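Take a look at the structure set out below.
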Amino acid sequence: ERERAREREREIAAHPPPGLPSAAWQDGRLSNMDNALFDPPEVSLAAGKVFQGGNWQHLHYLLRDSVTSGEQVMYVGDHMFSDVIRGKRSLGWRTVLVVPELAHEVDASLQQTTRSRRIAELRELCDELDEWVDRLSLMLSACDSENPACSLVPRRQHIAEELAKATGELAAVKEAFGAELRAYHKPFHPVWGQMFKVGYQNSRFAQQVQSYACLYTSKVSNLGLVSPEMNYRTQKDLMPHDQLEDTPLRRMLKARGNIIIESFSTGPLGGAGAGSSGGAAGAAG
């Protein structure tokens with residue numbers, strides 16, 4: 001069997017596949033993993049050699065003296081399922097995903113910083129108008145209740161007009177937000193947009209990258225730009241409740257609390273409420 005393997009190597013060396021340098025076979029730098037079953041690891045893993053074929057069992061057999069678990073192996077590939085997900089799930093390997101499009105994604109993102117800030121502003125404005133519409137809707141519901149002692153009943157017409165105005169402003173801001181978001185995605189790809197985002201959220205591909213790739217980069221040669229002793233540390237994972245101060249819900253709760261406090265002195269629809277709607281209208285314009 002060993003002789004047959006050697007014979008196959010001699011045949012390939014004499015007639016290498018298209019695009020494969022024959023010198024790689026002739027000087028022994030490239031060899032099939034079949035020989036790993038016969039050659040000792042110090043021969044198969046000699047410095048400067050390149051291997052092809054085989055499977056994970058061959059690899060673990062070769063590394064048996066230095067690798068005791070899958071997490072000691074770093075596997076680099078450019079296919080999400082066959083290279084990264086399977087290696088991570090089944091074998092526990094450390095994985096590096098090569099995403100060639102990443103360089104363009106980063107460049108396009110850096111060129112869109114101004115529009116990105118504009119999108120964030122419109123998103124915040126949408127949240128504020130949503131809060132104002134919600135408050136007005138609650139007031140209108142209170143007016144329509146059967147309680148005749150409700151202090152808002154005399155002002156029902158004014159509340160309804162304010163609600164219609166705020167609803168129109170919200171629709172206009174949402175339309176502007178959608179247009180800005182579409183314009184933001186177009187430089188990434190004219191059809192699919194940003195690879196790692198769908199609208200305002202992470203794409204399915206981005207979720208898989210976060211879940212299964214220990215590292216990801218645009219090309220494997222980027223690893224040569226840092227020391228082999230480099231420690232790659234993960235960033236802190238944040239859930240919504242870890243970011244309460246920066247979330248729309250937190251801003252809404254703060255705004256509602258301020259409005260309730262001011263309402264004790266200005267009335268149920270005093271200057272604070274009208275000012276919020278007017279400010280939103282001005283920003284939308």
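What's the FRET efficiency of residue 66 with residue 201 using the Cβ-Cβ distance as r and R₀ = 30 Å, to the nearest 0.05? Given R0 = 30 Å and the Cβ-Cβ separation, E is 0.10. Other residues lying with their Cβ under 11 Å from the Cβ of residue 206 contribute a combined charge of +1, Lys and Arg counting +1, Asp and Glu -1.
So, R0 is 30 Å and r is the distance between the beta-carbons of residue 214 and residue 179; what FRET efficiency does that work out to, to 0.05? Working shown, then result.
On the way: r = 38 Å, r/R0 = 1.27.
So, using R0 = 30 Å, E works out to roughly 0.20.
Over all projection directions, the Cα-based convex hull of segment 116-248 averages an area of 12.9 nm². When all alpha carbon pairs of segment 91-143 are counted in 10 Å bins from zero, the resulting P(r) reads 19, 21, 20, 18, 14, 7, 1 %. In the structure shown, do any of 165/254; 88/186; 197/254; 165/197 have a Cα-Cα gap over 25 Å, and if so which? The answer is 88/186; 197/254; 165/197. For segment 63-180, the percent of C-alpha pairs falling in each 10 Å distance bin, counted from 0 to the bin holding the largest distance, reads 12, 20, 15, 15, 14, 12, 9, 3, 0. Spacing of the modelled spin labels on residue 140 and residue 56, each 7 Å from Cα toward Cβ, amounts to 5.8 nm. Note on residue 76 and residue 127: the extension gain reaches 14.1 nm, defined as 0.36 nm multiplied by sequence separation minus the Cα-Cα distance.
Throughout, read-outs are computed from the coordinates displayed, never taken from laboratory work. Small disclaimer: the values here were computed from a predicted structure and weren't measured. Neighbour counts run over all protein chains shown; Cβ positions are idealised from the backbone, glycine included.
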